[in-house]
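Everything on this sheet refers to the single structure shown next.
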Amino acid sequence: MIYSNWMSYIKDDAKLTHIAIPGSHNAGSYGMNALACCQDDDMYEQFKYGVRYFCVRLNTDKKGVIRLAHGLTNGVSFESVLKDWEKMLNENDSEFFIFDVREYYPQTFGPVTFTYKADCAAVDILLEKYIHPSKYAYTDFKDIKDVSIGDLRKSGKRYILINYMAGYNQSVDCPLSSPWDKKLFGSRPEAFIPKNLEYFETDNTDGFFWFQTQLTPNLGTELGVKTPRKLNDMMRPHFHKFTDAISDSESRLDKANIIACDFITESYDKSRMILELNAYKGIVKDGLKDEYLNGLY
């Protein structure tokens, strides 16, 4: 299987924003309570399932420890996540990562707004200790849409550190579109899938297109507050309808980039269907298409 080195099959001239990349939604929520948990396994295990885009949201607990957050729930320490990232970077130098790191966004419930904090200077210290952004973060570009895999290979860099405020050392504020609507993402798969796919036509970006495929629990929606796992069980049998619809449309196939999922390590199916899109895009190295596709099974 090629999930630990699938990027080695991608042509040098393939643009990073054109590659179909498995993404982990709330990547650090493993081990959290049932309403907050969106992943089963740590990020090193997610890496082995092909994930190269990691959505990471931070908060600081009462003892001053920076932790992964999903809303009001704190999870594992950021330091433990960085140890996973360090291991991933050392595992295979053919792979390139997108680390999307920020404080968890403020949440308003009625008259109360909850805010989350992770001091940038403290985050910088941890980043440099484990994954050395001064050495390995890629920042030498003006327009992310011009960056190719060949550029990354030549640079010797290993990841892009995205932060919407460019608040960390060597972080960048890349354009990143992640369309989401509370009622849509709280609807049944039969309605959710075709309406969500419309974002390929209506949502435009000059950077990464982060297409989210997970149902989400919210009050006031058709599905209401169910756990992410129950919603995943409901949605998972229909996941192929996303990738089928993308591969059947030249414009959608061209735009498909980061495809984010919940519970991505439950099986290889989601990653496989996402990574197959790269063969349909025509960006797998000449003579290696069959090996690439066979390696996904």
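Say whether the condition of being hydrophobic (A, V, I, L, M, F, W, C) and over 18 Å from PHE97 (Cβ atoms) is met by at least one residue in the range 141-153. Scanning the range 141-153 turns up no residue that is hydrophobic (A, V, I, L, M, F, W, C) and over 18 Å from PHE97 (Cβ atoms).
A single member of ARG236, ARG252 is farther than 25 Å from LEU16 by Cα and in contact with an Asp or Glu (Cβ under 9 Å, 6 or more places away or on another chain), and it is ARG236. If you go through the range 41-59, how many residues are under 19 Å from SER177 (Cβ atoms) and open to solvent by 20 Å² or more (accessible area, probe 1.4 Å)? Of the residues in that region, 1 qualify. For the range 196-209, check the following and say yes or no: at least one residue is part of a helix (DSSP H, G or I), open to solvent by 30 Å² or more (accessible area, probe 1.4 Å), free of Cβ contacts under 8 Å to residues at least 24 places away in the same chain and out of contact with any Gly (no Cβ under 7 Å at 6 or more places or on another chain). Checked against the condition, which is being part of a helix (DSSP H, G or I), open to solvent by 30 Å² or more (accessible area, probe 1.4 Å), free of Cβ contacts under 8 Å to residues at least 24 places away in the same chain and out of contact with any Gly (no Cβ under 7 Å at 6 or more places or on another chain), the range 196-209 yields at least one hit. Which of the residues that make up the range 249-276 are open to solvent by 40 Å² or more (accessible area, probe 1.4 Å), acidic (Asp, Glu), in contact (Cβ under 8 Å) with a residue 24 or more places away in the chain and in a helix (DSSP H, G or I)? Hits for the range 249-276 are ASP254, ASP269. I'd like to check something: does the range 29-40 contain any residue that is under 25 Å from ASN169 (Cα atoms) and open to solvent by 10 Å² or more (accessible area, probe 1.4 Å)? Checked against the condition, which is being under 25 Å from ASN169 (Cα atoms) and open to solvent by 10 Å² or more (accessible area, probe 1.4 Å), the range 29-40 yields no hits at all. The one condition from (1) within 26 Å of ASP269 (Cβ to Cβ); (2) outside any loop (DSSP other than H, G, I, E, B) that LYS226 does not meet is (2). Could you tell me whether the range 277-290 includes any residue that is among the aromatic types (Phe, Trp, Tyr) and either farther than 30 Å from ASP42 by Cβ or part of a loop (DSSP other than H, G, I, E, B) (or both)? Checked against the condition, which is being among the aromatic types (Phe, Trp, Tyr) and either farther than 30 Å from ASP42 by Cβ or part of a loop (DSSP other than H, G, I, E, B) (or both), the range 277-290 yields at least one hit.
The values are calculated or read from the model by the stated rules, or taken from the named source; none is laboratory data. Being a predicted model, the structure only gives us computed values, none of them experimental. Cβ atoms come from the backbone with ideal geometry, glycine included; neighbour counts cover every protein chain shown. What goes into the accessible areas is simple: the full protein's heavy atoms, side chains included, and nothing from ligands, DNA or RNA. Shrake-Rupley method; radii C 1.70, N 1.55, O 1.52, S 1.80 Å.
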